[in-house]
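These notes are about the structure you will find just below.
A short reminder: the numbers here are calculations on the coordinates, not readings from a lab. These numbers were taken from a predicted model, which means no experiment stands behind them. So basically every Cβ, Gly included, is an ideal-geometry build from the backbone, and we count neighbours across all protein chains shown.
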Amino acid sequence: MAIARSLVDMIREQAEAHRFTQVTRVVLEIGVLGHVEPHAVRFCFDAVARGTVAEGAAVEVLELPARATCFDCGATVEITRRGDPCPACGGAKLLVQAGEELRLKQLAVV
């Protein structure tokens with residue numbers, strides 16, 4: 001719910017700054033390691049957006065893959081969850097570089 005509230009607050013600020021009156025679509029980027037459930041964000045967004053410029057907006061979620069750098073072989077690899085071994089060498093020393101994002105990427109407005 002807190003994430004949805006923050007998104008609606010950001011949208012409200014943008015509406016004031018750019019003088020639009022209605023949002024028809026919201027595009028979010030969510031990393032697969034971010035522990036954010038897209039369905040829950042959509043549900044909560046609909047509830048929190050009532051009575052705002054974002055009421056009724058379609059919420060599209062783009063799930064971003066996770067990338068990590070392996071300290072054993074130096075490769076940058078895609079992983080599906082924390083604790084995965086390096087797919088290139090099997091090493092266990094990975095530094096996550098991407099996959100934890102939560103970004104408001106785009107708004108379609110009227």
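Below, the figures for the structure above:
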item: For Ser6: the one exception among (1) more than 30 Å from Gly90 (Cα to Cα); (2) among the polar types (S, T, N, Q); (3) surrounded by 15 or more Cβ atoms within 10 Å (Cβ to Cβ); result: (3)
item: Scope region 12-29; condition polar (S, T, N, Q) and either surrounded by fewer than 15 Cβ atoms within 10 Å (Cβ to Cβ) or in a strand (DSSP E or B) (or both); matching residues; result: Thr21, Gln22, Thr24
item: Any hit, region 35-42, residues being part of a strand (DSSP E or B), under 17 Å from the mean Cα position of the chain (by Cα) and touching a residue at least 40 places away in the same chain (Cβ under 8 Å); result: no
item: Condition met for Asp72 (surrounded by fewer than 16 Cβ atoms within 10 Å (Cβ to Cβ), touching a Leu at 6+ places or on another chain (Cβ under 8 Å), part of a loop (DSSP other than H, G, I, E, B) and acidic (Asp, Glu)); result: no
